[in-house]
1. Can you list which of the DSSP-assigned H helices in chain B have a Cα extent of 18 Å or more along the long axis and an average Kyte-Doolittle score of at least -1.0?
2. Evaluate E = 1/(1 + (r/R0)^6) for A:Val384 and A:Glu454, where r is the Cβ-Cβ distance and R0 equals 22 Å; express this FRET efficiency to the nearest 0.05.
3. In terms of modelled amide H atoms, which long-range or inter-chain residues lie less than 5 Å from the amide H of B:Val357?
4. For the range B:59-130 and the range B:337-406, compute the distance between their C-alpha centroids and round to whole Å.
5. For chain A, calculate the relative contact order in percent as a whole number, restricting contacts to Cα pairs under 8 Å that are 6 or more residues apart.
6. Nearest 5 percent is fine: what portion of the DSSP beta bridges confined to the range B:200-359 is antiparallel?
7. Could you calculate, for the range A:62-145, the ratio of the Cα radius of gyration to the Kirkwood radius, expressed as Rg to Rh?
8. Within the set A:Lys353/B:Lys319; A:Lys209/A:Lys318; A:Lys241/A:Lys311; A:Lys408/B:Lys258, which residue pairs have Cα atoms separated by over 22 Å?
Amino acid sequence: MKQKIGVYICHCGGNISDYVDVEKVRQSIEHDEGVFLAKTTMFACADSNQKEMVEDIENEKLDSVVVASCSPKLHLLTFRAVTERAGLNKYNYVHANIREQVSWAHSDNKEGATQKAIQIVKAAIAKVRNAESLEPIKVKATNAVAVIGAGVAGMRAAIELAEAGADVYLIEREFFVGGRVAQWDDLCITEETGKELITRLYDEVMKHKHVTLFTGAEVVENKGSVGNFTLKVKVTPRHFKLNCISNELQKAIDVCPVEVPDEFNFNITTRKAIYHNYPSEYPQLPAIDMKNCTRCGECEKVCNSIDFSQKTEYLNLKVGSILLATGFDPYEPKHGEFGYGEIENVVTFPQFKRIVHYCDDKLIYKGKEIKNIAYIYCVGSRQVDGENKYCSRYCCTANIHTAITVKKKYKNIHNFHFNRGIRTYGKAEIWYDESSRLGDIYLQSFEHDPPVIEKRGDQTFVRIKDILTTNKELEVVADLVVLVTGMVPRKDNSIANLLKIPKGRDNFFNEIHMKLRPVETVIDGVTISGASQGPKNIMESMNSALAAATKSFELVASGELALEPTVAKVDEQSCDWCGKCEEACPYSAFDKIEKDGKFVARVNAAVCKGCGMCLPVCPVNALDLIGLTDEDVESMIDALIPTV
Amino acid sequence: MSEQMKSLEFDVLVIGGGIAGGEAALNLANLNYKVLLVEKELSIGGKMIMLSKVFPTLDCAACITTPKISEIARHPNITIFTGAETRKITKIEEHHFEAIVLQKPRYVNVTDCTGCQLCEQACPVSVSDQYQYGLVGRKAVYIPFSIASPRAAAIDIENCTLCGACERVCPTQCIDFTQTEEEFLVTIKSIVVATGFDLFDPLKIPRYGYGTFKNVITSMQMERQLAPTRPYNTILRPGDGKMPDNIAYVLCTGSRDKSLGNPICSQICCMYSVKQAQLLMGALPMADITIYYLHIRAFGKGFNEFYAQAQDMGVEFVKGKVGKITEKENGNLILRYEDIEQGKVQEAEHDMVVLSVGVLPNQGISDAFENKKLELDPFNFINQADILASPAKTSIDGVFVAGTASGPMDIPDSILSGGAASAETTSYLRRALL
């Protein structure tokens, strides 16, 4: 039992003290059993107060500490570190949340808020009275990182990790690297092409002996946890030998009778079952798409490099951390959405980029020369009725940049931008300005009143109530309608399900804290980067990839990790394996082992997060949580019930 | 260089102790590199530590910044100079730079100062408080602000009368008028420039009346009024101390305006204005808030949802540029603006106007580089030499840029950029070993 508890009650500069009478809270608990010292403070987390706490612990020989302030999500670790600096075992610290759970929740009832704060602090004191010193669980960390996705973010992260000194496995699901950027020509800001950027990054990746690249590869199983993940990777063969002769290869492609839509060109062209991504794809080796190949054998007859005997392989990779760079999908409009799929000259922005790529002196689509282009913005983003409430961030700038390119590349182009308020933030403003100077026409409506597309005769009309001309109804005859589609999370996100990565309201991967820990996830050891986390442009993706590389490297660099000891424990005597705990565990932390002639549950302490989901389902009460035992909880409940 | 100059050696010099520089310093220090952090202000924490709550999550800025700052200040691998300037940076060769760091005298011995504030009470001189953006006064001896790090007094020698009152009351005798400027010769292997941004000075738009009309304030002044360490403990209009009930925001003040030499968008003003509007509705439930805007740039994660939330809360958004502000006798203000939706010029009366001032480059650091040129972009931000593949790279190998020194960005982006700068610095330092 603790005898010298120090209690600190935080004003949070008004965040708490505007609604909670912190002095009253202090007075109500200062004579509680074991409380030696009770203070209020303006900002408990400020450096000056932290110093004072250290001095108090040292001078007054405090044996435990409670801080009543904000959510433990924000500052549990801060104050544990304070106690540790003062020479106290950090598990003798208990955090009471009187901000999110009290002052912010009950701003309409100051008296009630104060009473609730008192009970919460009393409960924390009750818990700290029983606190025991605990030692962290030490695990060895493998100095290797798996980077999932070899788009620009993944390749950049892989290079950085290798340079910093880690072994890197770069795992790409497609047969070719480069992700979405490979599909783009001129890039914003630098005028470099997507292909050129990919070439630079790929060359660097291949230069590093510490990076191993797998294409056609997918993680299918994950065992282990931070420091020691074991990933099972399925590698699909491309059915090509390395030394292929290019003219033979072309013959093989020519004789292939299968023709399917080419996803690289967003289905505006077709390809064979043997295919390249584009002439300078990486790796520079075609692949056979076995989903569509009919195994007719025609290609084998003309090309010696084809090898149907190659088998799917499974590899086990040991890594200390996993960095996700799985990117995004372009939004696919629904059939009929702004005429998509119904009117033949309605295309998406990614398709438009590919059309521009293939047209040299004249912009031609489906045999017709294009002069009037109508761009409809925010398709699939900022939806009023749909699920995507978010702004896709990159599309305004990317589309205006493309519209300028088109105007400069071809003659007599007229651009009409049907927008909802252009968001060319930051330096991208100069393109908005340039396009206006080039004579592009901007027409705007609000979310609830989008433009309408109509086919009349053989002409396509786009109509809008334009708020820039006092809601006049304006109509444009468009040769081509470009739907400026946004970014959506990957359709196939099996890796996220495998690793149990949480998603935000927008369904992109979610970080722990946007500002404090922007690239880490609640799954220890797994970092996220690029557009997998939410829409980003290339530079922003690179920044997050590099930041994630730093965090992943920090984990594996030291060779050893200290993990939280507050995990579930099994009383092996009463346990008689029934498997209910295993079913309830969201982190797959339970194993069935044989012990003294019977089966019992075992907790993998490195995987267990101490969430407590297993406790209530155990029929024989064989489970308890270290650091939050049944006894602790009962004493807290007693303290929470006000004595009348 | 003088013979007596003290020499110091570190792996990395981080110039600027705001949130981006701090993040870079912390990452590098965690990887066991020795870091020198040089900050020109009297406290680290940059602009973020001065803010109220931050969008789009409405986290209290102080609650996020102070523990980070505390971690930086305590880190065994980080040495901090506050009130210091970096000069004469020379690149000797790869992985070998020299710089002069000028420590300006604080006239207070920081290690002995307990922050008791007795000196502040004794000091007879009152001047405008720059850390409260001129909303209130401070003494000539002062603790910069309550959550400053270090939380120690400093003497503003320009305004000090040398009366000695502070010296007499100081219980630890930490006041020391004999301090002089001290120069250090610092040898480092790499540099991170994280010098942040300046705010646009609205005196440059006389037609908005800032500086003349007392109830026209900047967004940073409103930020201070909303912050937990706020000077008035409520929202007041400076002219007469009345609680405002009809507040206007003028967006793009100093941004997207070629006539002022700043054609670009400042990227943060829309969102901080939307945020302040939400906070004001909490602080002054009866007040009307109107935001005059051109386009709302709510582009980041959760931003558009946050903007929609403000609309749902009843914040009025008027699409149009404010041309001119005039003052009535009672201190209220008349805004003359182009109402784009109505297609005509309108006038509206408000009792307080907040100018949402933009982000400008913090110039000067490029002049500190002696034998190599730290190149700037057309807007005078630090040029990102390989912006798409290596966003932290500058024109000088071994010198990296973090945060708003390279252009406007919000807090999440600044922190990511700090992370990127530390990553690139790490691999640059590793190459020294090969």
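The values are calculated or read from the model by the stated rules, or taken from the named source; none is laboratory data. If you're wondering where the values come from, they're calculated on a predicted model, not measured in any experiment. No Cβ is skipped: glycine too gets one built from the backbone with ideal geometry, and neighbour counts run over all protein chains shown. For the accessible areas, the whole protein counts, side chains as well, though only heavy atoms, and no ligand, DNA or RNA atoms are used. Shrake-Rupley method; radii C 1.70, N 1.55, O 1.52, S 1.80 Å.
1. Working: long enough: B:61-74 (20 Å, 0.41); B:269-283 (20 Å, 0.72); B:411-433 (34 Å, 0.14).
Both cut-offs are met by B:61-74, B:269-283, B:411-433.
2. Details: r = 20 Å, r/R0 = 0.93.
Here the calculated transfer efficiency is 0.60.
3. Answer set, sorted by chain and number: B:Ser219, B:Met220.
4. Answer, in whole Å: 25.
5. Numbers: 1324 pairs, mean separation 87.9, N = 644.
With pairs under 8 Å counted, the relative contact order is 14 percent.
6. Working: 13 of 31 bridges.
About 40 percent, rounded to the nearest 5.
7. Working: Rg = 16.0 Å, Rh = 14.3 Å.
Result: Rg/Rh = 1.12.
8. A:Lys353/B:Lys319; A:Lys408/B:Lys258
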